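The values are calculated or read from the model by the stated rules, or taken from the named source; none is laboratory data. Predicted, not measured: the structure shown is a model, and the values here were computed from it. Counting neighbours? That spans all protein chains shown, and the Cβs are built from the backbone with ideal geometry, glycine included.
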Amino acid sequence: MSKICWLHLSDMHISSKNSFDQNLINDALLEDLKSQILKHDISLSFIFFTGDVAYTASKEDYSLTKDFFAKLCKQLDFNMNNLFIVPGNHDVNRYKVSKLLDDSRRELNTREEIKKIIENQELFDSYLSRFDNYSEFIGSLYGRPFKMNSKNYYFSETRTVNEVDFGIIGLNSAWSSYGGRHDCNNIYISETQLTDAIEKVKTANVKIVLIHHPLSWLYEEDKSDVENLLFKHCQVILYGHLHRADFQIVNSIKGEQIIIPAGAIYTGRRVSNSYNITTIDFENKKISILPRRYYDGARKFLTDIETLGNDDISSFEVKISEEMMSNIK
Ligand SMILES: [Fe+2]
């Protein structure tokens, strides 16, 4: 085993309405990526995008999004098959809400009720039909037809890098989302989704989970189910949505986990826009996270000293414990 590097982006919120500011920041992002990759001799194995690619989930927004990803992969000479994207609350078409969905969502109070919706194919498909524009975007990006439905609303894929099998689990935490603050504590992943997703990559050495929402936004009973499964089976959790990049190594009685939020690439010109690159060095048992933040005065992404809390360093480094190494192997 040697090293593995990935780029984590999230919350781009592309909209045809703010293209000037968006283009300015996207161009700065691409320039910074190219220079950081060169400077730190980074070889990216994966690009992870944890949701909210578009702002209104319209076809116009997704057309701009597709252009962005094509440009990103071209400029980094990156194989699009190693780009993984999960949907966020902004990828839900919020105009496609019916009384049927409203009524059924109000009944989501227990694990059994969540399962009942997921197992009701017709009802669950109508929840997922709100991702139709997102599905079309995913299909055209990868050049193969895709329509999200009750059989494929999450993904689990395996990739082998330097003889290590990585299980990439892309969860859909936005299927019941309405957007806005009232989603907080009312987001459902479901143990059904996560159990199925883990099963498909069960032999992988390292399991990396992509979710748009942080676990703190999940409905209490669902949060407990999901957390237990994640601690038992998965080593790395990447999420977006909060527009903040606070890294955590969580060591609890249930296990150990590396939790890496991305922050948002674009939430406006003068607010915090950020991304990060993570390297796991298996040989030296070390994880290093390079956090970058956009500074509007400089029109550039620079070291994110607000997240690091220190201007003497450019990355956050932490040792991987023996316990986690033994799980990884
Ligand atoms: Fe979000």
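Some notes on this structure:
- Selected residue (criterion: nearest to residue 260 (Cα to Cα)) from residues of the range 81-101 that are in contact with a strand residue (DSSP E or B) (Cβ under 9 Å, 6 or more places away or on another chain) and more than 16 Å from the ligand (Cβ to nearest atom): 84
- Every test in (1) touching a residue at least 40 places away in the same chain (Cβ under 8 Å); (2) assigned to a helix (DSSP H, G or I); (3) farther than 19 Å from residue 54 by Cβ; (4) out of contact with any strand residue (DSSP E or B) (no Cβ under 6 Å at 6 or more places or on another chain) is passed by residue 108 save one, and that test is (2).
- Residue within the range 61-70 that is under 21 Å from residue 272 (Cβ atoms), more than 16 Å from the ligand (Cβ to nearest atom), assigned to a helix (DSSP H, G or I) and under 18 Å from the mean Cα position of the chain (by Cα) present: yes
- Restricting 224, 190, 173, 177 to those that are of a type in the set (Ser, Thr, Tyr) and modelled with pLDDT under 90 reduces the list to 177.
- Filtering the range 5-25 to residues that are crowded, with 18+ Cβ neighbours inside 10 Å and either of a type in the set (A, V, I, L, M, F, W, C) or within 24 Å of residue 247 (Cβ to Cβ) (or both) leaves 5, 6, 7, 8, 9, 10, 11, 12, 13, 14, 25.
- The listed residue being buried (at least 17 other Cβ atoms within 10 Å of the Cβ), touching a residue at least 12 places away in the same chain (Cβ under 8 Å), within 16 Å of the ligand (Cβ to nearest atom) and over 17 Å from residue 324 (Cα atoms), out of 275, 219: 275
- Scope the range 36-78; condition of a type in the set (Gly, Ala, Ser) and on the phi < 0 side of the Ramachandran plot; matching residues: 43, 45, 54, 58, 63, 70
- Residue 147, sole failed condition from (1) away from the ligand (no atom under 16 Å from the Cβ); (2) not in a loop (DSSP other than H, G, I, E, B): (2)
- Flag for residue 312 being over 19 Å from residue 44 (Cα atoms) and free of Cβ contacts under 8 Å to residues at least 40 places away in the same chain: yes
- The numbered conditions (1) of a type outside the set (Gly, Ala, Ser); (2) under 15 Å from residue 175 (Cα atoms); (3) in contact with a Lys or Arg (Cβ under 7 Å, 6 or more places away or on another chain) are all true for residue 120 except (3).
- Every residue from the range 239-249 that is more than 14 Å from the ligand (Cβ to nearest atom) and either modelled with pLDDT of 90 or more or closer than 25 Å to residue 183 by Cα (or both): 245, 246, 247, 248
- Residue within the range 32-44 that is within 27 Å of residue 214 (Cα to Cα) and in a helix (DSSP H, G or I) present: yes
- Scanning the range 1-17 for residues that are away from the ligand (no atom under 16 Å from the Cβ) and either hydroxyl-bearing (Ser, Thr, Tyr) or without any contact (Cβ under 8 Å) to a residue 40 or more places away in the chain (or both) turns up 2, 16, 17.
- Flag for residue 115 being over 21 Å from residue 264 (Cβ atoms) and either part of a helix (DSSP H, G or I) or touching a strand residue (DSSP E or B) at 6+ places or on another chain (Cβ under 9 Å) (or both): yes
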